[in-house]
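*Asks:* Take a look at this one; I'll ask things after.
The values are calculated or read from the model by the stated rules, or taken from the named source; none is laboratory data. Quick caveat, the model's predicted, so the values are computed rather than measured. No Cβ is skipped: glycine too gets one built from the backbone with ideal geometry, and neighbour counts run over all protein chains shown.
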Amino acid sequence: MMHDWLPALFMGLAGAGHCLMMCGGIAAAVTGTTRPWQVVVYNLGRITSYAIAGAIIAATLGGLANVAPHGLIVLRILAAFVLVAFGLYLGQWWFGLRHLERLGLPWWRKLQPWAARLRQGQVTTPGLFLAGMLWGWLPCGLVYSALSWAALSGSATSGAFYMLLFGLGTFPAMVGFGWFSRSVQQLLQAHGFRQLMGGLMILYGLWTLIIALKQLQVL
Amino acid sequence: MSAPLPAVPANVCYHCLQPLPEDGGYTVVLAEQEVPVCCYGCQAVAETIAQQNLLHFYRYRDTSNPLQVPLLPEELQQLTAYDDEQLQQQFTRHDEHGLRSINLSVEGMTCSACAWLIEQHLGRVAGVRKVQVNATTERVYIQWQPEQAKLSELLHAMAELGYRALPFQAANQEQEFKRRRRYFVKRLGVAGIGMMQVMMIAVGLYFGVVSDLTPDLQQFMWWVSFLMTTPVLFYSAQPFFASAIRSLQAGRPNMDVPVTFALISTYGASAYATIMNRGEVYFESVTMFTFFLLVGRYFELLARQKAVAAASNSIKLLPAVAQRVLPSGELESVSVSQLQLGDIVQVLPGTTVPADGALLSDTAHVNESILTGESRLIQKRQQETVLAGSVNQQQPIRLRVTATQQETVLASIIELQDLALSRKPKLALMAETMADKFVSRILMLSGLTFLIWTFIEPNEAFWVALSVLVATCPCALSLAAPTAVTGAIHKLNKSGILLRNADMLQVLPDIKTIFVDKTGTLTTGEFKLQQLHCYAHEHIDEQAVRAVVQAIESYSEHPLAAALTQLTKKSVNVTEVQTVIGYGLQAVWTPPGTADAEPIRVGSLRFVREWHPQFQPQLTAAQVFVATPETVLAELHVGDRIRPDTPATIAALQAQGIEVIMLTGDRQDLAEQVAQELAIQQVYGDLLPADKLAKVTAAQEQGPVAMIGDGLNDGPVLAQADVSITFGHAADLARTAADVILLRNEFSALTHCRDITLTAQQILKQNIRWALIYNVGIIPVAMAGFVTPYIAAIGMSLSSLIVLLNSLRLYR
């Protein structure tokens, strides 16, 4: 299933506009300075959190799937739906994914005080990394759809790997926040671009769905 | 945290500035203020920002339009510098209503979506009256109220959209043209070389030219192709990517979107296959597609530049320096931009007149071919206007400047040409919207093809979908109209025919009825003595009559008098000339053969009948009579001549099945005489302007009609006709409102104009028909999987090249 890593990376890239708008501000604000290495450290923290989440979800769900008959295929179908929902969200046609974001809210409420505490001390490199890790747990529809994809991978390592790739996909948008020429930012946030990417995601979701249904021999 | 946070536009999320969901979204409290957010994510982020005392982020962030181009402080200063009145003189025009207009050249305009975006945005700026974007020449024409908006504000508004705009200066255009051509030539070169290499390898691989092809060798070949294709994609294909991005920003995807998509995905998939060493590679399709598309764009650019260059060349011919005559009589060289109204300039033989001016010398012979396309020498008399751009042919002349720079007739001709190019005929607009719609359909169709093929043959699905994408790209459709329209306008301008509106290209060929005015249209409009009948007299011969008429008429200001002031070289003395208004002139002269002075009258029939109540004129058309108290000496007929090329032109029009109807304010019998000579069947004389209007309106119920007449006097009738045509005596250009202006003073320009528009319409229709047949026809074939990517690339490219070559026929 290793050839499925591409969509994970792609999701990160496609969601760049979303990342910029949601978190571009924090990236700039939290690091305070625009020193490149600090931004990288902060983002590495974030991606580490993604990878951890990927490992956890892939291990638990993957384990479950191995027990249940057709478990993996069912997961695949679920993931396909999430992908379609993500496409609709990107293209701003339907915001159902927001309900998924709600799932992450309780988690975040628990982590939030930590973030505030970290902020009070001196800015150190490990501190930045930790802050980045906390940031990784912000409720985010984009991350959840990537996680649903990672859940398919079946094992903790591959789940982590998928999420790592996803994180790398978002890397250029977030790290390059300050350096990117504005024209690139404009493109990423442009309505047309987001709709195109949304359309692609929907297509990919449908394709995944068809493959899964074929494997179930429904089709 | 007491200061309130800055507000954001209504209905957008306070955090991410995206539109709020329809149910209103969620709220979050920031600095004791409840603000709306769009989702839980934004809510959480905003809360975190508030908790961590990072609210300054909201205070200083940029909430403006995300498409805005950031302007550097020095650029902003430059923009305000353009508000300077003196500087603006050089590139803005004023009209009698106090409106100001300017032509801006715009950087970064790539497609019609850009044009739409700019028109919408600038149209909303207060004080702006008119915005016309010409995507062909990358220029924007703006008319605005200077009290309400500053020029710098307009330029700033353009920058907000992401376009850098500066006043158009013809001098820079040639350089700009060169730059654009080099831009394409370099990319074409890279694409061409890459394509040849990759094709060679591809042919070798396909047809087994290399007989003992080991897998190792194959992979090596793939890698070579990969390396050769990379610069083609990342360098040569840049223009398509840029255009696709722009169109996506404007929310109106153009055909470069599927092109970009096809190029990147073909390249990506082939690169993946090369690295993994399995599957198929289609590098040759990438290079070929890029190359042929670039060839198409390059030709389009050349055609476009040719059309625009004609106009800008004429501006370039204006000298930069003028010879100003100082009050002391000395000459001084000044830059043309410094010339003021009322300055006196000297123009040497063989040089170009720098500004419009009234002739101070007695006569001048000038060549106005830049303005009218007509290379005949034109004689100008004292006080007549000599136009900037015409070439002085004989002795040195002096002019008093009456208009400079943007106010000259030449500048207004160029503006008219630009204007015509910026307005698209309906057929062209239709083709364009069709191409736009096609793009989104194609994207959907390829997606659909992909899904269907997943069932049939999953391994092929990607390539079939790609072929659909490439083969159905509506490049031909989007090239069909603009190339034909620019070609036609170019050709018309070259023959001295100006269109105010490119829509005429479409309306003119449909015209079946043409109304013509007589005086100044069928005829030259220059009054001359046509007939002279002298009554026998023992002493006074014809020469004597001519001499006395000429002498008396030189005192008159009646319009007919001008035609009678140059009848003979002989001169006589007349005294006590008095004008009797409504009748004529009376003077005292000494007839030959006597010594006594006696009175003489030159004037209307009524005037001479006061002396000779029984007199009956011999000539039916005579208007002017000459009499002494004893006898009537002569009767004269003053009229204008039929243009030498009128009969042939009328005959040609009638042969094409067009009904020619004459409308005139002249006497019915005079009108009929002219009509008979020209074989015009329908003649209406004695018409007041309102009667003319009624005739035209009545005829319009049968179909579109054209009216050709004097732009100054027939204004309302011309406005009523579907197509109005007028002879532009170039100097009156600004005052004429006709759709078509014939600058060459020849009646045959009418058939010429009709021929060109007919050809243009034919070519336009052929182009659109062909593009549609190809694009629709290829869909099922491509979806059925019969078209491989490289065949698709060839098919698409050939279809656009055919359209281009067809349009280029207009340039011959």
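*Asks:* Just checking, which of B:Pro599, B:Pro613, B:Pro591 is in contact (Cβ under 8 Å) with a residue 12 or more places away in the chain and surrounded by fewer than 18 Cβ atoms within 10 Å (Cβ to Cβ)?
*Replies:* B:Pro599
*Asks:* Still on this structure, please answer the following. Mind listing whichever residues of segment A:78-108 are without any contact (Cβ under 8 Å) to a residue 60 or more places away in the chain, surrounded by fewer than 23 Cβ atoms within 10 Å (Cβ to Cβ) and at the interface with chain B (Cβ under 8 Å from one of its Cβ atoms)?
*Replies:* Passing the criteria: A:Phe95, A:Arg98, A:Arg102, A:Gly104, A:Leu105, A:Trp108.
*Asks:* A further question on this structure: Select from segment B:754-812 the residues that are outside any helix (DSSP H, G or I) and touching a helix residue (DSSP H, G or I) at 6+ places or on another chain (Cβ under 7 Å) and write down the one among them that is surrounded by the most Cβ atoms within 10 Å (Cβ to Cβ).
*Replies:* Among them, the one singled out is B:Val787.
*Asks:* Okay, next question. Charged (D, E, K, R) and within 14 Å of chain A (Cβ to nearest Cβ): is that true of B:Arg297 in this structure? Spell out how you get there, then give the answer.
*Replies:* On the way: charged (D, E, K, R): yes; within 14 Å of chain A (Cβ to nearest Cβ): no.
In short, no.
*Asks:* Name the one entry in B:Ala737, B:Ala731 that is part of a loop (DSSP other than H, G, I, E, B), more than 30 Å from B:Ser467 (Cα to Cα), of a type in the set (A, V, I, L, M) and modelled with pLDDT under 90.
*Replies:* B:Ala737
*Asks:* Also, quick follow-up: Only residues that are among the aliphatic types (A, V, I, L, M) and over 20 Å from B:Arg304 (Cα atoms): list them for segment B:468-516, please.
*Replies:* Residues satisfying the conditions are B:Val468, B:Leu469, B:Val470, B:Ala471, B:Val507, B:Leu508, B:Ile511, B:Ile514, B:Val516.
*Asks:* Still on this structure, please answer the following. Please find, among B:Leu451, B:Leu477, B:Leu532, the residue that is within 14 Å of chain A (Cβ to nearest Cβ), out of contact with any His (no Cβ under 6 Å at 6 or more places or on another chain) and more than 30 Å from B:Gln700 (Cβ to Cβ).
*Replies:* It is B:Leu451.
*Asks:* Answer yes if at least one residue in segment B:527-549 is within 30 Å of B:Ala721 (Cα to Cα) and part of a strand (DSSP E or B), and no otherwise.
*Replies:* Yes - at least one qualifying residue is present in segment B:527-549.
This table checks each residue for (1) in the same structural domain as B:Glu746 (by TED's automatic domain parsing); (2) of a type in the set (Val, Ile, Thr); (3) surrounded by 15 or more Cβ atoms within 10 Å (Cβ to Cβ).
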site: B:Gln656; (1), (2), (3): yes, no, no
site: B:Ile661; (1), (2), (3): yes, yes, yes
site: B:Val674; (1), (2), (3): yes, yes, yes
site: B:Asp686; (1), (2), (3): yes, no, no
site: B:Leu693; (1), (2), (3): yes, no, yes
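*Asks:* If we scan segment B:356-371, do we find a residue that is buried (at least 20 other Cβ atoms within 10 Å of the Cβ) and of a type in the set (Gly, Ala, Ser)?
*Replies:* Yes, segment B:356-371 has at least one match.
*Asks:* Let me ask something else. Assuming B:Ala502 fulfils every condition listed in (1) buried (at least 20 other Cβ atoms within 10 Å of the Cβ); (2) at pLDDT 80 or above apart from one, which condition is it?
*Replies:* Failed condition: (2).
Conditions tested, residue by residue: (1) part of a helix (DSSP H, G or I); (2) of a type outside the set (S, T, N, Q); (3) surrounded by fewer than 17 Cβ atoms within 10 Å (Cβ to Cβ).
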position	(1), (2), (3)
B:Tyr267	yes, yes, no
B:Ser270	yes, no, no
B:Ala273	yes, yes, no
B:Gly279	no, yes, yes
B:Val286	yes, yes, no
B:Phe291	yes, yes, no
B:Leu294	yes, yes, no
B:Glu300	yes, yes, no
B:Gln305	yes, no, no
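*Asks:* I would also like to ask the following. Any residue at all in segment B:626-648 that is crowded, with 19+ Cβ neighbours inside 10 Å and under 30 Å from B:Asn501 (Cβ atoms)?
*Replies:* Checked segment B:626-648: at least one residue is crowded, with 19+ Cβ neighbours inside 10 Å and under 30 Å from B:Asn501 (Cβ atoms).
*Asks:* For segment B:244-264, give me each residue that is surrounded by fewer than 17 Cβ atoms within 10 Å (Cβ to Cβ) and within 11 Å of chain A (Cβ to nearest Cβ).
*Replies:* B:Gly251
*Asks:* Looking at segment B:312-330 only, could you name the residues that are surrounded by 13 or more Cβ atoms within 10 Å (Cβ to Cβ) and at pLDDT 80 or above?
*Replies:* B:Ala322, B:Gln323, B:Arg324, B:Val325
*Asks:* Within segment B:484-506, count every residue that is in a helix (DSSP H, G or I) and out of contact with any Asp or Glu (no Cβ under 6 Å at 6 or more places or on another chain).
*Replies:* 13
*Asks:* Residue check: is B:Val409 at pLDDT below 85 and buried (at least 18 other Cβ atoms within 10 Å of the Cβ)?
*Replies:* Yes.
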